[in-house]
Each structure stands twice: as C-alpha cells, then as structure tokens.
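S.K.: Handing you a structure now.
We did not get these values from a lab; they are worked out from the coordinates using the rules stated. Source: prediction; values computed, not measured. Note: ideal-geometry Cβ built from the backbone for every residue, glycine included; neighbour counts use all protein chains shown.
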C-alpha cells in the first residue's frame, strides 16, 4: 500500500501494481510495438481493474499502430480481451471483483497488457460455458458480425450475401450467423485451405480471390447479383464488390486490409444501378449500455447453443505481439488470433 495525498490535502491509501503492456511511441510497422512495465493505480469512479487471461487481436489494431487511424502517442493498443475483475471504482454495480468478464471497447482501451484500468461500462459478465480464450477471440469480432448482419443490412431468409475474408476472425463468425438467419453465403478467401474452413463455417459457396469473382457471383445468382457485399479488404476489391451487387444493392465496406478507399466517384454508383455504399463503425451502433447488452446477449446465446463455433487459429505470447501483427498483415492467419499474457 502506497500513501497518496488527495486534492483536499487528506491522506488516502491507494494500491499500485506493476504490469507489462505493449506501447507504441511512434507510428510504423510491427517493430514499433514495445513491451514495457507500467504502473496501475486504483480504478476511479466508473472504472474497473481487470487482470487479463486472453487478449484478442483485430486488424483495426494495425491501423492504429500504422497511423492510418490516428491516436495520441505514446499509446497502448488493443480493444478486446477477457479476464477477471480485481477491483471496481465508485458507482460500478454490474460487475464485482472475482467476476469473469470480456470486453470490446473503443480506443484507447489498451488491452495489449497483463492488466488494465478501464471504463467499466464496456465489461460483460461471461456465461459459465464460454471460456476466457473463446471470449477474447469472439467479443469484438462477434459484435462486428452483429452490426453488419443485424443493423447495417438486416439479412433476410433467402438473401444471397457476398462475404470477403470469409476464413478470418469476423468472417467465420459472420458466415455462420448469416446462415443461421437463412442467408445463402458466398465467401471469398485467398487459399484452398481457407476455402474448406469457410465452407465448414456457414458458406454455401467459396470463391478464391484470384478468380473471376464477378462472373462467378453472377452465375450463382442467375445473373442478378447480390443485395449486399461485406468487404473488409478495401481498396483492391472496391469495384469488384460494386460489380457483384444487384440494382439498389448495398456495399458495406468495413475495413482497409489492402488500403483505404480514398476515392469513389458517385457516378460509378449510378452506372451500376443506383447502388448504396456505407462505411460503418461498431461504436456508432453500440453507443450505450442497453445496446451493448442487447448485442452481446444475441452473440453469447448463439455461442452457448452451438450455433456459432469460435475458431482460434493462432496464439502468441504478449511479448510476441509484433509477430502476430506480421502474420495478420501477411494474411497467414485463419480464424481468430489471441495473445496470451
């Protein structure tokens, strides 16, 4: 216990703890990730301290690391993890010390760490039948699948949908969820090995990325095209995605794996049949505790009843976060990737 003085000059006692965490001091490649020791204090009002047992890695983490999505430096990284609550601040009632929890939180949540102090409103108590590593592999990715399929475009039974990166962390969840909703899912992957994985997780057809995607989609849909395309690839697939849509179809561009889409002449949408394009962000669909609980309840129920199988394809030590980023950006990963503190 370390004594500390309050703003009123009164002596209080606070608990300090050292923890290891990944930090970035400048934007750049995976080599910019540094493992250091930091000091955590007690959680303040509305906060909780969580000891992590598993940490989720997401492609968005590479955008913050590279500077594509700007953050204030120096900074931690990551927005998805599972663990145990060890302390809560004033006003926190939905979790207590000892609770197993998971979270998906907007930056700067800084989940690449052994422990963190964070805004408790993002914490979700875990059902007994969902393991910590599973939770870390599915919470942000599953909530992403939720808003893509249930809010950005509400998938209906019989809908054809085109899903890129169908063997990735989001893709494997979204493929199964879309099938559960009655959709007919066409996946796109980069290798034969990933093709079989996508077929085993909800896709009715899976196309290889270097094939004639537009031609094959048109053939499968009797020349009509699909009502919606889910595209996390970005720049390289923009016009292919548009050309797969039926008139008045919707392109949901939700990632930049190949680079950001920085120019789309609006006349291109008119040429292809009055198309729509959206660039959604999870935190515009989950803006309060009620929305978070609704989305997570749907997700947890589907996992608990076996409708969604969560695949952890890779595990890295926290100290090897840079290697995890290299594998992710080189498209060498399958399913979800987690860090182990």
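S.K.: Can you give the direction-averaged projected area of the convex hull of the alpha-carbon atoms in the chain, in nm²? The partial results should precede the final answer.
M.R.: Details: hull surface 71.3 nm².
So the mean shadow area of the Cα hull is 17.8 nm².
S.K.: Does anyone have the angle between helix 132-147 and the longest principal axis of the chain? Alpha-carbon axes, 0 to 90°, nearest 10?
M.R.: Result, in degrees: 50.
S.K.: Using a 10 angstrom cutoff on alpha carbons, build the Gaussian network for the chain and name the most mobile of 227, 108, 45.
M.R.: 45
S.K.: Ranked from highest to lowest mean number of other Cβ atoms within 10 Å per residue, what is the order of the peptides 56-68, 171-183?
M.R.: On the way: 56-68: 21.3, 171-183: 24.1.
Ranking, from highest mean packing down: 171-183, 56-68.
S.K.: Okay, moving on. Based on the Cα gyration tensor of region 296-338, what are the three equivalent ellipsoid semi-axes, each the root of five times an eigenvalue, rounded to whole Å and given largest first?
M.R.: 27, 11, 8
S.K.: At residue 266 and residue 214, where each label point lies 7 Å from the Cα along Cα→Cβ, what is the point-to-point distance in nanometres?
M.R.: 2.3 nm
S.K.: Please report 49, 279, 246 as a ranked list, fewest other C-beta atoms within 10 angstrom at the top and most at the bottom. Walk me through the numbers on the way to the answer.
M.R.: Values: 49 24, 279 14, 246 18.
Final ranking by Cβ density, sparse to dense: 279, 246, 49.
S.K.: Write down the percent of antiparallel bridges among all DSSP beta bridges whose residues are both part of region 134-287, to the nearest 5.
M.R.: Of those bridges, close to 0 percent are antiparallel.
S.K.: Quick check on region 154-227: take the gyration tensor over C-alpha atoms, sort the square-rooted eigenvalues as a ≥ b ≥ c, and tell me if it's rounded (a/c under 1.5), prolate or oblate.
M.R.: Judged from the Cα gyration tensor, region 154-227 comes out oblate (a/c at least 1.5, b/c at or above a/b).
S.K.: Using helices alone, what [θ] at 222 nm do you get for the chain, with -39,500 (n - 2.57) per DSSP H run of 4 or more residues, divided over all residues and rounded to the nearest 500?
M.R.: Using -39500 (n - 2.57) per qualifying helix, the result is -7500 deg cm²/dmol.
S.K.: How tilted is helix 289-304 with respect to the longest principal axis of the chain? Cα atoms for both, answer in degrees (0 to 90, nearest 10).
M.R.: For helix 289-304, the angle is close to 70 degrees.
S.K.: Running a GNM on the chain with Cα contacts under 10 Å, which residue among 39, 204, 80 ends up with the highest mean-square fluctuation?
M.R.: Among 39, 204, 80, the largest GNM mean-square fluctuation belongs to 39.
S.K.: Tell me the Kirkwood radius of region 49-106: reciprocal of the mean inverse pair distance over distinct alpha-carbon atoms, in Å.
M.R.: 12.9 Å
S.K.: Right, next: Could you tell me how many degrees, from 0 to 90 and to the nearest 10, lie between the Cα long axis of helix 169-180 and the main elongation axis, the longest principal axis, of the Cα atoms of the chain?
M.R.: So the helix axis and the longest Cα principal axis differ by about 60 degrees.
S.K.: Below 8 Å, C-alpha to C-alpha, sequence gap of six or more: please give me the relative contact order for region 157-279 in percent.
M.R.: 21 percent
S.K.: Let me ask something else about it. When the chain is modelled as a GNM with alpha-carbon springs shorter than 10 Å, which of 327, 198, 109 fluctuates the most?
M.R.: In this elastic network of the chain, the residue with the biggest mean-square fluctuation among 327, 198, 109 is 327.
S.K.: Can you give the % of DSSP beta bridges in the chain that are antiparallel, to the nearest 5?
M.R.: 60 percent
S.K.: Hey, another quick one. Report the dimensions of region 180-221 along its three principal axes from the alpha-carbon atoms, largest first, rounded to Å.
M.R.: Result, largest extent first: 28, 25, 9 Å.
S.K.: Can you bin region 92-151 into rounded, prolate or oblate? Criterion: square roots of the alpha carbon gyration tensor eigenvalues sorted a ≥ b ≥ c, rounded for a/c under 1.5, prolate for a/b above b/c, oblate for the rest.
M.R.: The shape class here is prolate.
S.K.: Related question: Stretched out fully, how many nm does the piece from residue 72 to residue 330 gain, at 0.36 nm a residue minus the Cα gap?
M.R.: Taking 0.36 nm per residue and subtracting the Cα distance, the gain is 90.2 nm.
S.K.: To continue, here is another question. Can you tell me, using C-alpha contacts under 8 Å and at least 6 residues apart, the relative contact order of the chain as a whole percent?
M.R.: 16 percent
S.K.: Viscosity 1.002 mPa s, temperature 20 °C: Stokes-Einstein D of region 157-279 from its Kirkwood Cα radius, in µm² per second? Could the numbers behind the result be given before it?
M.R.: Working: Rh = 14.1 Å.
The calculation lands on 152 µm²/s.
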